[in-house]
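Q: Shown below is the structure under consideration.
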Amino acid sequence: VTAKLALSPKRIGAYTEVSKQALIQSALALEGMIRDDLLTGAAVLLEYQMINGNGTAPNLTGIRNTTGIGTVVAGTAGATIAWSHVVGLESSVANANAEPDRLAGYLVNTATRGKAKQVQRGTNLSFIWGDGEQPLNGYRAFVTNNLPANLTKGSSSTVCSAALFSSDWSMAVIGLFGAPDVTVDPYTLAATGQVRITLNQFADGGVRQPAAFAKID
């Protein structure tokens, strides 16, 4: 089932502070560097919100907090990643009739990737994380530390990670309301000889087909 998804503009912002000495230089490379810093900062925040947003204004509703996605449960006090967890995420969406296709894949953080390279699928079998472009259970796997590694599960405090799988990542939608706008403020930090440059982008996001996603925390 594809859900009706209502999007409304929420501000995603980033800013940087540049000295007047830097701005009077003639090198055009400075403009590109500032632009990249602002766009990257806003993109990181938007990614974090798409994954973890709690849905309470002004936050987006992230994938992990979307009602109706699948859930795989590990131990009561956390658990070392196992092959059963990886397959369980895939099975969760398949059992909900969201069979994985060419846009399927996993999303993990660096801690999970590192551990998966050290844990075997079973006795005398290869490690969970393999080689090539589809290193995890025959699917693509992308890595971001916007997936938390500081969750608490039972007596395992602030050390547990989250992971996601989707049978079709195009079912996660980001809506941009207009282009980014930039405000140059030479006044607030004038006493210290700095200019504050702020980027604003209005955006929202959500999941069109919750059954296409599954998480393990």
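Q: What angle do you read, to the nearest 10 degrees and between 0 and 90, between the alpha-carbon axis of helix 83-94 and the longest principal axis of the chain?
A: Approximately 80 degrees, to the nearest 10.
Q: Further question: Taking R0 as 41 Å, what FRET efficiency do you get between residue 25 and residue 156 from their Cβ-Cβ distance, rounded to the nearest 0.05? Write out the running numbers ahead of the final one.
A: Numbers: r = 51 Å, r/R0 = 1.24.
Efficiency at R0 = 41 Å is approximately 0.20.
Q: Here's something else I'd like to know. Between residue 57 and residue 120, how many nm apart are label points set 7 Å from Cα along the C-beta direction?
A: Modelled inter-label distance: 5.6 nm.
Q: Identify all lysines with a Cα-Cα distance to residue 153 below 16 Å; exclude those on the same chain that are fewer than 8 residues away in sequence.
A: 215
Q: Looking at segment 68-217, send over the antiparallel percent of its DSSP beta bridges, to the nearest 5. Let's see the in-between values first.
A: Values: 23 of 30 bridges.
Around 75 percent antiparallel, to the nearest 5.
Q: For mean projected area of the Cα convex hull in nm², the choices are [x] 30.1; [y] 15.7; [z] 17.8; which was calculated from the structure?
A: The value computed from this structure is option [y].
Q: Still on this model: Share of segment 23-182's accessible area from carbon and sulfur, percent, 1.4 Å?
A: Percent of accessible area from carbon and sulfur atoms in segment 23-182: 53.
Q: So for segment 84-177, averaging the separation of alpha carbon pairs under 8 Å that are six or more residues apart and normalising by length, what relative contact order in percent results? Kindly include the intermediate steps, with their values, before the conclusion.
A: Values: 138 pairs, mean separation 34.0, N = 94.
About 36 percent, as a whole number.
Q: Quick one: accessible area per residue over segment 78-217, 1.4 Å probe, rounded to a whole number of Å²?
A: Heavy-atom SASA per residue in segment 78-217 reads 51 Å².
Q: Here's another thing I want to ask about it. Quick one: compute the contact order of segment 23-163, relative version, from alpha carbon pairs under 8 angstrom and 6+ residues apart, as a percent. Could the numbers behind the result be given before it?
A: Numbers: 174 pairs, mean separation 27.8, N = 141.
Here the relative contact order equals 20 percent.
Q: Just order 204-216, 180-192 by mean Cβ neighbour count inside 10 Å, highest at the front, would you?
A: 204-216, 180-192
Q: With a ≥ b ≥ c taken as the square roots of the eigenvalues of the C-alpha gyration tensor of segment 36-79, please select rounded if a/c is under 1.5 and otherwise prolate if a/b is larger than b/c or oblate if it is not?
A: Prolate shape, in that a/c is at least 1.5 and a/b is the bigger ratio.
Q: Another question about this same structure. Quick one: if you stick a label point 7 Å off each Cα along the C-beta vector at residue 8 and residue 177, how many nm between them?
A: In this crude label model, residue 8 to residue 177 measures out at 0.9 nm.
Q: Using alpha carbons only, how many degrees (0 to 90, rounded to 10) separate the axis of helix 29-52 from the longest principal axis of the chain?
A: Between helix and principal axis, roughly 40 degrees.
Q: How much length is gained if the chain between residue 142 and residue 44 is pulled fully straight, taking 0.36 nm per residue apart and subtracting their Cα-Cα distance, in nm to one decimal?
A: Contour length minus Cα-Cα distance gives 33.8 nm.
The values are calculated or read from the model by the stated rules, or taken from the named source; none is laboratory data. Remember, predicted model here, so these are calculated numbers, not experimental data. Because the Cβ atoms are built from the backbone with ideal geometry, glycine has one as well, and the counts that use them run over all protein chains shown. When the accessible area is computed, the model is the full protein with side chains, heavy atoms only, and any ligands, DNA or RNA have been set aside. Shrake-Rupley method; radii C 1.70, N 1.55, O 1.52, S 1.80 Å.
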